[in-house]
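Reviewing the structure listed below.
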Amino acid sequence: MELTPGALTSYQTAKAEIGLTDDDRRFELVRIINAVSDAMARVADRAFHYQVDIVERVAGGDGARLVLPRAPISSVASIVLVDEDGTVGHTFSSSDYEIEDANAGFLWRHTNWPWQAQSSGGIIGEPVSGKTRQLIKVTYTAGWVTPAQDLTDSTLTR
């Protein structure tokens, strides 16, 4: 058994931390590292490891900031506005937005991001909380290079 890309520490670091001097329990320790790393990602509701070409749909917040689920952001390949059926309605030019805070996962646009929420149906049609539509599809590269990724891909920088 080997460490998964999402493993948040290395075998050698964990081994030294708990004072193991041999590799007799390597399988068990690798399994624990993977399980704890996976549990942390589930609790945080996000992956932490570096990944290229992440494709996610997010909701605009009726403001200039768009928050992506994965950080730190390395680069953005494309941002499109999609219709309910998934067809592309608009492609945002890379000159329309910038990475505002890579570590926080923030993109900033000179004008507000499109936002659409289910209406309450009243006279003025107030938006219903938690019913925003995820109509913005972002393809990007983000995350931290984990120890396991560092060992398997020498082109990545930690």
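A compact table of results
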{"item": "Candidates Arg46, Arg70, Arg42 - the one that is part of a loop (DSSP other than H, G, I, E, B) and open to solvent by 30 Å² or more (accessible area, probe 1.4 Å)", "result": "Arg46"}
{"item": "Residue within segment 114-126 that is under 30 Å from Ser154 (Cα atoms), modelled with pLDDT under 95 and open to solvent by less than 60 Å² (accessible area, probe 1.4 Å) present", "result": "no"}
{"item": "Test result for Val30, outside any loop (DSSP other than H, G, I, E, B), hydrophobic (A, V, I, L, M, F, W, C), under 15 Å from Gly6 (Cβ atoms) and open to solvent by 50 Å² or more (accessible area, probe 1.4 Å)", "result": "no"}
{"item": "Residue identified as open to solvent by 70 Å² or more (accessible area, probe 1.4 Å) and touching a strand residue (DSSP E or B) at 6+ places or on another chain (Cβ under 7 Å) among Thr91, Thr13, Thr21", "result": "Thr91"}
{"item": "Contacts under 6 angstrom Cβ, first residue in segment 1-28 being of a type in the set (Phe, Trp, Tyr), partner open to solvent by 70 Å² or more (accessible area, probe 1.4 Å), 6 or more apart", "result": "Phe27/Met1"}
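The values are calculated or read from the model by the stated rules, or taken from the named source; none is laboratory data. Note that the coordinates shown come from a computational prediction; the quantities given were computed from them, not determined experimentally. Every residue, glycine as well, gets a Cβ built from its backbone with ideal geometry; the counts of neighbours run over all protein chains shown. Accessible surface areas use protein heavy atoms only, side chains included; no ligands, DNA or RNA. Shrake-Rupley method; radii C 1.70, N 1.55, O 1.52, S 1.80 Å.
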